[in-house]
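**Q** One structure coming up, written as structure tokens, with questions to follow.
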Amino acid sequence: MVREQYLTTTDESGALAPVSDYIYMIGIYGWRKRCLYLFVLLLLIILVVNLALTIWILRVMWFNTEGMGYLQVNADGLRLEGESDFLFPVYAQEIDSREDSALLVQSSENVTLNARNANGDVTGSVSVGPNQAEGFGQHFNISSNHDENLFYADANGAVVGKGKLRVTGPEGAFFEHSVRTPLVKAVLNKELKLESPTRSLSMDAPKGVHVKALAGNADVTAHFDIQLHSTAGLLILDAEGVRLPTLPVGEATSGDSQGMYNTYEVCVCPSGKLFISRAGVSSTCSERQDC
């Protein structure tokens, strides 16, 4: 605000001459001044509240020179003590537990671990849910503490690295397709049973199939036919006695000139069928072709 004030002075001629004097008054008055003070007071209150909240957060979160509460920051990474809840995804290169405790990861829904490449695409995943566990990846490998391969699986097949694969279920193992193995052995004092309830059971080997029972019997039962076939060798039945209990028994006649009333011979047809024929001085298989 500028106010102009006029004063009268006397010049050399003795006449009165007006002299103008300007007085400048700078400031804010009235309602503007009250609004400015109110705004400054509001800013001061906000500053005090922010400072109090900051101190409260520091006290609640346990901030210190080493980290935040149970979370400590060191040269190797982060160390977290106790139990913690994560509401969003966690990205880490390596997660280790303490030397004297196990690492437990649990969730009310599921736990999913993803591995991504440089483009962000998922290259491997392991998900454990309430009803099932799923794994996604090109290879699956289980190794021992001594870096021995225990189990390996990929798109071509699965490999069990140890010397034995033991199935302890009461119903045994069920295979929908073929199985390749050098040895099939039962547990000590247990029976070994190979069964195909609705189809045929085939055992093939380039150098032969060896069936051995050290302390019991080896039984082969089939609803239709049992075929023992050797492409380039002999079929040897090496035992003290070979019995065919259900083979038809022939009847001897009293008019046999040789007197061999109760003597018979077992004949084999070209198809492999066995039958009996009354024995004579020479073979009688060619005379009675019961094929």
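The values are calculated or read from the model by the stated rules, or taken from the named source; none is laboratory data. The structure presented is a predicted model; accordingly, all values stated were derived computationally and were not measured. Note that we place each Cβ from the backbone using ideal geometry, even for glycine, and neighbour counts take in every protein chain shown. Areas reflect the complete protein model, heavy atoms only, side chains present, ligands, DNA and RNA absent. Shrake-Rupley method; radii C 1.70, N 1.55, O 1.52, S 1.80 Å.
**Q** Evaluate the following for residue 240: is it under 29 Å from residue 276 (Cβ atoms) and of a type outside the set (Phe, Trp, Tyr)? Reasoning before the result, please.
**A** Values: under 29 Å from residue 276 (Cβ atoms): yes; of a type outside the set (Phe, Trp, Tyr): yes.
Yes.
**Q** Filter the range 95-113 down to residues that are touching a residue at least 12 places away in the same chain (Cβ under 8 Å) and surrounded by 12 or more Cβ atoms within 10 Å (Cβ to Cβ), then give me how many there are.
**A** From the range 95-113, those touching a residue at least 12 places away in the same chain (Cβ under 8 Å) are 109-113; that's our starting set.
Then keep just the ones that are surrounded by 12 or more Cβ atoms within 10 Å (Cβ to Cβ); that gives 110-113.
Residues flagged as touching a residue at least 12 places away in the same chain (Cβ under 8 Å) and surrounded by 12 or more Cβ atoms within 10 Å (Cβ to Cβ) within the range 95-113 amount to 4.
**Q** Of 183, 201, 194, 214, which residue is at pLDDT below 80 and part of a loop (DSSP other than H, G, I, E, B)? Write out each step before concluding.
**A** On the way: 183 fails: at pLDDT below 80; 201 fails: at pLDDT below 80; 194 fails: at pLDDT below 80.
The conditions single out 214.
**Q** For the range 174-195, how many residues are closer than 26 Å to residue 223 by Cβ and surrounded by 10 or more Cβ atoms within 10 Å (Cβ to Cβ)?
**A** 5
**Q** Tell me which strands (runs of 3 or more DSSP E) are completely within the range 35-137 and hold 3 or more residues being within 26 Å of the chain's Cα centre (by Cα) and modelled with pLDDT of 85 or more, or say none if there are none. Break it down into steps so the answer makes sense when it comes.
**A** Values: elements: 71-74, 77-80, 111-116, 122-128, 133-136.
Correct list: 111-116, 122-128, 133-136.
**Q** Considering each residue of the range 138-180, count those that are polar (S, T, N, Q) and part of a loop (DSSP other than H, G, I, E, B), and give that number.
**A** The initial filter retains those residues of the range 138-180 that are polar (S, T, N, Q), namely 138, 141, 143-145, 149, 156, 168, 178.
From what's left, part of a loop (DSSP other than H, G, I, E, B): 138, 144-145, 156, 168, 178.
Number of matching residues: 6.
**Q** Hey, another quick one. For residue 270, indicate whether it is open to solvent by 100 Å² or more (accessible area, probe 1.4 Å) and either under 25 Å from residue 170 (Cβ atoms) or at pLDDT 75 or above (or both). If you could, list the steps in order and put the result at the bottom.
**A** Details: open to solvent by 100 Å² or more (accessible area, probe 1.4 Å): yes; either under 25 Å from residue 170 (Cβ atoms) or at pLDDT 75 or above (or both): no.
Judged against the criteria, residue 270 is not a match.
**Q** When you go through (1) open to solvent by less than 80 Å² (accessible area, probe 1.4 Å); (2) in a loop (DSSP other than H, G, I, E, B); (3) at pLDDT 75 or above one by one for residue 277, which number turns out not to apply?
**A** Going through the list (1) open to solvent by less than 80 Å² (accessible area, probe 1.4 Å); (2) in a loop (DSSP other than H, G, I, E, B); (3) at pLDDT 75 or above, residue 277 breaks only (2).
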